[in-house]
Amino acid sequence: MTQFPQDYGQPAARRRRRPVRTVFMVLLVLLLTVALVAGGYLWSLARSFDSGTTTIENALPVNSPPKDPRAGNSQNILLIGTDERDPGSEAARSDTMMLVHLPGDRSTAYVMSIMRDTWTDIPGYGEQKINAAMALGGVPLVVETVQTMFDAPIDHVAIVDFEGFKGLTDALGGVDVNNPVPFSSSISDDYFPAGMVSLDGDSALNYVRERYAFTDGDYQRVRNQQAFVSGLVSSALSRETLLNPVKISRSVSEISPYLSVDEGLDAAAAGQLAFSLRNVRGGNIEMFTLPTLGVGTSSDGQSIVVKDAAAIAEIAEALDTDAMGEYLAATNRG
């Protein structure tokens with residue numbers, strides 16, 4: 001079995017620290033397209049987007065599960081952060097993963113974080129940490145693994161690495177985050193007090209990738225990532241950004257070279273999707289984490305996150321029936 005040892009306590013003595021390849025801004029690229037459509041800059045954006053991004057061939061498996069008719073016009077987009085600039089590299093791992101569900105009426109965007117150490121079935125390889133799928137079979141296997149977990153198709157997939165994340169943060173003039181828990185970074189001199197903090201690209205990277213400062217490790221890191229995306233969305237969709245074509249163009253230019261997308265997610269598709277989301281703002285985006293049963297140890301001694309099969313079944317039903325809002329309201333997870 002492929003080993004990807006992770007601890008939830010102290011870091012291993014010889015562990016090489018890698019920046020988290022955070023992927024929240026992919027959603028924002030789609031949303032920012034709205035401003036360019038409204039302002040007449042679509043051609044410029046399309047050229048920048050298509051020339052900068054990398055296309056992932058055969059990203060979506062041919063054996064994807066059929067879409068339930070009850071799902072209507074909803075879409076599922078998988079956002080991935082990897083350890084390598086090249087998503088096809090054998091050394092790549094999906095360090096950050098989010099499933100974005102867009103309901104048919106496009107009134108909201110539901111963003112679900114999936115813990116990277118979630119122990120689940122990887123088709124053809126048995127039970128593994130979900131972040132092993134990238135190294136074992138590339139993007140198609142990651143998509144297939146998530147589709148198998150929820151028995152629902154993925155419509156699009158996008159990958160980004162940390163340099164694009166850093167550049168976008170700076171292009172927006174920084175991001176204000178409501179930090180829930182004060183902590184000192186274990187990888188820099190940064191200290192993040194509780195309450196509102198202003199982050200530039202470098203400090204934002206340190207903020208979202210920290211895990212060793214917390215007793216519950218990745219759990220708090222995911223909560224911090226969700227707090228950051230709230231601030232990032234608010235900044236990206238503010239009037240100051242939406243009415244500033246220079247800032248928009250800079251944002252898209254900064255992130256495009258670090259984006260890899262499936263063959264169907266070109267500028268035209270992104271523009272159409274973004275236009276359908278034209279009424280979505282920061283307050284309309286609901287973020288939550290895939291429920292788990294806590295941490296455990298695999299039969300071969302790996303520290304893992306134990307998935308909650310009952311909750312996964314409920315989420316699968318919500319995806320099939322385009323009822324994510326109802327699921328979150330019933331479980332008080334939104």
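Coordinate-derived values only; no laboratory data. Only a predicted model underlies this, so the values are computations on that prediction, with no experimental measurement involved. FYI the Cβ positions are ideal-geometry reconstructions off the backbone, even for glycines, and counts take in every protein chain you see.
Numbers below:
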{"quantity": "Which listed residue is touching a Phe, Trp or Tyr at 6+ places or on another chain (Cβ under 6 Å) and either crowded, with 23+ Cβ neighbours inside 10 Å or over 17 Å from L259 (Cβ atoms) (or both), from V175, V181, V197, V208", "calculated": "V208"}
{"quantity": "Filtered residues of the stretch 176-213 (kept if in a loop (DSSP other than H, G, I, E, B), hydrophobic (A, V, I, L, M, F, W, C) and in contact with a strand residue (DSSP E or B) (Cβ under 7 Å, 6 or more places away or on another chain))", "calculated": "A194, A213"}
{"quantity": "Only listed residue being crowded, with 18+ Cβ neighbours inside 10 Å and either touching a helix residue (DSSP H, G or I) at 6+ places or on another chain (Cβ under 7 Å) or not in a helix (DSSP H, G or I) (or both), chosen from V139, V233", "calculated": "V233"}
{"quantity": "Selection from the stretch 247-299 of residues that are more than 23 Å from I159 (Cα to Cα) and part of a strand (DSSP E or B)", "calculated": "T292, L293, G294, V295, G296, T297"}
{"quantity": "Every residue from the stretch 166-220 that is in contact (Cβ under 8 Å) with a residue 60 or more places away in the chain and under 25 Å from A236 (Cβ atoms)", "calculated": "G167, L168, T169, D170, A171, L172, G173, G174, V175, L205, V208, R209"}
{"quantity": "Residues of the stretch 266-299 classified as buried (at least 17 other Cβ atoms within 10 Å of the Cβ) and more than 21 Å from V111 (Cβ to Cβ), total", "calculated": "2"}
{"quantity": "Residue selected from the stretch 300-320 under the condition in a helix (DSSP H, G or I) and of a type in the set (D, E), by the criterion surrounded by the most Cβ atoms within 10 Å (Cβ to Cβ)", "calculated": "D320"}
